[in-house]
Amino acid sequence: MAKFQRPAHVLALGYLSYIVIGTFLLAIPFSQETPITWIDNLFTSASAVSTTGLVTIDPGTSYSWFGEFIILCLFQLGGLGYMTASSFVILAASKKLSDQRLHILKSAFSLPKTIGITHLVRNIIVFTFVCELVGALALYPYLRSANVERPLWSALFHSVSAFCTAGFSLLPTSFEGFRDVTGVNIIIAALSYLGGVGFIVYTDVWSKIKNWQRRLTFTTRVILTVTLILSAFGTAAIYFIEPSLQNLPTKDRVLASFFQAMTASTTVGFNTIPISKLSLPVVMILYFLMFFGASPAGTGGGLKSTTLTALIAETWSHLRGYKTTSLMGHEIPGNRVRAASMSASVYGLVLGLGIFGLSLAMPKANFEWMVFEAISALGTVGLSMGLTSQLTVSGKWIIIGLMYVGRLGVVTFGLTFITQKIIQNGKIKPDDLAI
């Protein structure tokens, strides 16, 4: 078996095993407050492992505390990543990872050569738990003052959900009740950005702090720049375009616009305003933000910010007649540009098939809602215009498939099926999948 094909298989089977185990645990009567069908348990488990947040039932009223705890564990494991969680256990026991496991981790994170895997895994675990704990402590007083049921548990659940960009909420209307609460908006946004921008950035920034003369890597500069641009663009566009926000006070309007731009671009999936009531131009902006999503090696989904920049740089370079592709004074190798093009092509193909499948499964459904649902599922975002609760059984299977592919990554998913010849010829290497 080809060396590079095995990581894709391991990751695919790893996430699938999480989903199956989670489904069985959620099906235990002790996990449920009300009877839940097996397909809804499967849907919830797949949504949690993929850190999507789409739900066909209300988790806060349908599952017991134990069921909610299982969901939290699933999106925590999904956010950390299958290989990261298991590798941390191995590191704690033996202090060393095998060459094969290092190879799989490098493939899973799409890491450049300059990032050390073992060091990164330890940093990921520590940084994750610290952020989630601080986030929970910061959210607690706000939830308690709002008389939210079980405020401490709710604060922890939402903190982990935000950092893992899972979008699961125990509140029936997500964070719509906190639309004008600045503190809650900032805490959720901070956790979501920390999870969404990626662990590569933290390692690099920390190294920069320890050595101020050291430059940030090209990947980090790209991620931070694109994240800032997308957030600013989304916030401004929603602020000026969305009619339902026009009568709000300026502060509330800014908060609502920022939060929705943030939640789409980081793929966290929370909302402070009803998504189904947004105007078509704003829905199209969310399409774009959800499509490209977060950054490599983070907890978010989507096509990734580095893919977007590689495609833009390639197009701009060709328009100017350059023979090489460059961005921010950095030349992007041809194999990275080809990898970005391949990712975009496969992503678009899978998305198109998903939308087509939904149109067959639910011919009477609103097409705009179907497109939104498919983009949200494949990008592991979790926002919905209302179609999730109306899904037929076949529609649920399609969304489950999209969420699974989205969490695994379309390229990794594709590598499990169609790249044997390419791999054998040495045309694709693990490092080709990151800028």
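The values are calculated or read from the model by the stated rules, or taken from the named source; none is laboratory data. The model shown is predicted, which means the values in this text are computed figures rather than measured ones. Cβ sites come from the backbone with ideal geometry, for glycine too, and all protein chains shown count toward neighbours. Surface accessibility is based on the protein's heavy atoms, side chains included, excluding ligands, DNA and RNA. Shrake-Rupley method; radii C 1.70, N 1.55, O 1.52, S 1.80 Å.
For the full complex of protein chains and a 1.4 angstrom probe, list Arg215, Arg221 by accessible area with the highest value first. Kindly include the intermediate steps, with their values, before the conclusion.
Details: Arg215 165, Arg221 55 Å².
Accessible-area ranking of Arg215, Arg221, largest first: Arg215, Arg221.
Do any chymotrypsin sites (Phe, Trp or Tyr not before Pro) in region 182-218 lie in a loop, going by DSSP, with at most 11 other beta-carbon atoms within 10 Å of their beta carbon, and if so which?
On the way: sites: Tyr193, Phe199, Tyr202, Trp206, Trp212, Phe218; in loops: Trp212.
The qualifying sites are Trp212.
Sort Tyr142, Tyr322, Tyr18, Tyr63 from largest to smallest accessible area, using a 1.4 Å probe on the heavy atoms of the protein chains. Don't jump to the answer; show the numbers that get you there.
Numbers: Tyr142 80, Tyr322 100, Tyr18 35, Tyr63 5 Å².
Largest accessible area first, the list is Tyr322, Tyr142, Tyr18, Tyr63.
Mind listing which trypsin sites (Lys or Arg not before Pro) in region 118-214 are in a DSSP loop and have 13 or fewer other Cβ atoms within 10 Å? Each step should come with its number before you reach the end.
Working: sites: Arg122, Arg144, Arg179, Lys208, Lys210, Arg214; in loops: Arg179, Arg214.
Those that pass, being in a loop and sparsely packed, are Arg214.
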Worksheet item: Based on the mean of other beta carbon atoms within 10 Å per residue, what is the order of 226-238, 364-376, most packed first?
Response: 364-376, 226-238
Practice prompt. Within the set of other residues whose C-beta is less than 14 Å from the C-beta of Tyr63, count the net charge using Lys and Arg as +1 and Asp and Glu as -1.
Written response: -4
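With a 1.4 Å probe and all protein chains left in place, how much accessible area per residue does region 317-381 have, in Å²?
Details: 3320 Å² over 65 residues.
Dividing the accessible area of region 317-381 by its residue count gives 51 Å².
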Worksheet item: Cα gyration tensor of region 242-281, axes a ≥ b ≥ c as square roots of the eigenvalues: rounded (a/c below 1.5), prolate (a/b > b/c) or oblate?
Response: oblate
Discussion item. For Arg320, what accessible surface area do you get with a 1.4 Å probe? Give it in Å², rounded to 10.
Written reply: 120
Worksheet item: So which aspartates and glutamates pass the test for Lys304, namely a Cα distance under 15 Å, with those fewer than 8 places away in the same chain ruled out?
Response: Asp432
Discussion item. Checking the a/c ratio against 1.5 first, then a/b against b/c, what shape does the Cα gyration tensor give for region 305-359?
Written reply: prolate
Item to complete: Mind running the shape call on region 200-310? Use the C-alpha gyration tensor, a ≥ b ≥ c as the square roots of the eigenvalues: rounded below 1.5 for a/c, prolate if a/b tops b/c, oblate otherwise.
Response: prolate
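Using packing as a proxy for protection, rank 306-313, 31-38, 266-273 so that the peptide with the highest average count of other Cβ atoms within 10 Å comes first.
Ranking the peptides 306-313, 31-38, 266-273 by packing returns 266-273, 306-313, 31-38.
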